[in-house]
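Read through the structure below, which is laid out as structure tokens, and then see the notes.
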Amino acid sequence: MPRKFIFPILVLVLAILACNIQSVSPTSTPMPSTDTPMVPTLTNPAVTTDTSVAPTPISGGLTLDMLRNGTYHTPAYDRTVSLVNGSYSDVSGSGTFSVQMLNVYAIGDLNGDGKNDAAVILAENDGGSGVFESVVALVDQAGAPHQVSQAQLGDRVLVNSVDISSGVIHLDLVVQGPSDPLCCPSLPQKQNFWLIGEKLWLMHLDSTIGGTEHTIVVEIPANWATLTNPFTVNGSLTVLPFENTLAYRIYLIDGTPVNQSSFTVIPNSGISGTFSHDFNLSAAGITDWVIIQFVDTSAADGSTIALGSVILKAH
């Protein structure tokens, strides 16, 4: 081959190799944030949360018409109702019971099967002043909506928006602060729910108080890590909790409580802080997945101001 062609060919080969190297998925587990990529199904817990892997294209699945005319089990009053155009009403001698699917909802993949699932907000009323709202997760089951789990949000809260991305349900809402009457919520919150197995888990919550966002982030370990007892969890807080004391709760993924306690966080130079706490689950004989929630509660009424979580397996 003539020497004048060698250099251009070499440049072309090196460029192709560089492109291939850049497209390789990283082997390290990405650091978690207040959100997380698509939650892997627990039948295949080895699935990584690698954001470089393209999600399964979504096709078909649930539609708005299916949701507005679906059958639901109501979380607050424990009743089964069938909506017609988003509404249900039962007038009897004991009063009126009604259910409304609110106009804030989201359609997206919750379980990684490539089909559209949904998150809707149901509002229940039994004739009194209370309107109890819940987020309901529905998955596509043989082409029809199947209610797999739900979580109550409160009485007369204001849900501004619902979104599903990377398998996570994001809520933007306003709830009652410590001094608010039930009629008039004023405390902005953001809540993230994960559908883990067949249970909807609140995995992140932050509140904005006086223009300052109260957030808890678990930084180490990453979600879905497998650890050896004892292990350490590290994180940070944008605002220090009351008396610098942070609570934690440990659950099995079916909701069974394992333990709860509290510890002292480390203040930074300003109002923020960090935490590092050691755990040892060997005495409890736990070898399955657990969820550890870190919770900052209001000293005024005990409500949750901020919550951060991590899901892991320890042995």
Checked pairs for the range 119-139, first under 18 Å from S92 (Cα atoms), second among the hydrophobic types (A, V, I, L, M, F, W, C), C-beta under 6 Å and 6 or more apart or across chains, list as E124/A76; E124/V99; E124/F132; N125/V131; D126/F97
Q152 fails exactly one of (1) among the polar types (S, T, N, Q); (2) closer than 30 Å to D65 by Cα; (3) at pLDDT below 95, namely (3)
Filtering the range 249-272 down to residues that are exposed (fewer than 12 other Cβ atoms within 10 Å of the Cβ) and within 24 Å of the chain's Cα centre (by Cα) yields D254, G255, T256, P257, S261
Scanning the range 88-115 for residues that are over 19 Å from A151 (Cα atoms) and within 26 Å of the chain's Cα centre (by Cα) gives G112, D113, G114, K115
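Where residues in the range 175-217 are among the aliphatic types (A, V, I, L, M) and more than 18 Å from the chain's Cα centre (by Cα), which of them is farthest from A119 (Cα to Cα)?
Applying the filter and picking the extreme gives I209.
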Scanning the range 241-296 for residues that are of a type in the set (D, E, K, R) and touching a Pro at 6+ places or on another chain (Cβ under 9 Å), the one farthest from G308 (Cα to Cα) turns out to be D278
Exactly one of S179, S166, S161 is at pLDDT below 95 and closer than 19 Å to Y105 by Cα, and that residue is S166
Scan the range 71-87 and tell me whether some residue there is under 10 Å from E124 (Cα atoms), over 21 Å from the mean Cα position of the chain (by Cα) and hydrophobic (A, V, I, L, M, F, W, C).
no
Contact list, first residue from the range 182-195 and within 21 Å of V217 (Cβ to Cβ), second anywhere and surrounded by fewer than 22 Cβ atoms within 10 Å (Cβ to Cβ) and small (G, A, S), beta-carbon distance below 7 Å, six or more apart or interchain, is L187/G177; F193/A151
**Asked** Could we say that I209 is of a type in the set (A, V, I, L, M, F, W, C), buried (at least 18 other Cβ atoms within 10 Å of the Cβ) and touching a residue at least 24 places away in the same chain (Cβ under 8 Å) here?
**Response** no
Residues of the range 82-116 being touching a residue at least 60 places away in the same chain (Cβ under 8 Å) and assigned to a strand (DSSP E or B), in sequence order, are A106
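Restricting attention to the range 168-195, which residues are farther than 21 Å from L122 by Cβ and not acidic (D, E)?
G177, P178, S179, P181, C184, S186, L187, P188
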Scanning the range 101-151 for residues that are closer than 18 Å to N85 by Cα and small (G, A, S) gives A106, A118, A119, A123, A144
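The values are calculated or read from the model by the stated rules, or taken from the named source; none is laboratory data. Just so it is clear, the structure is predicted and the values come from calculations on it, not from any experiment. Because the Cβ atoms are built from the backbone with ideal geometry, glycine has one as well, and the counts that use them run over all protein chains shown.
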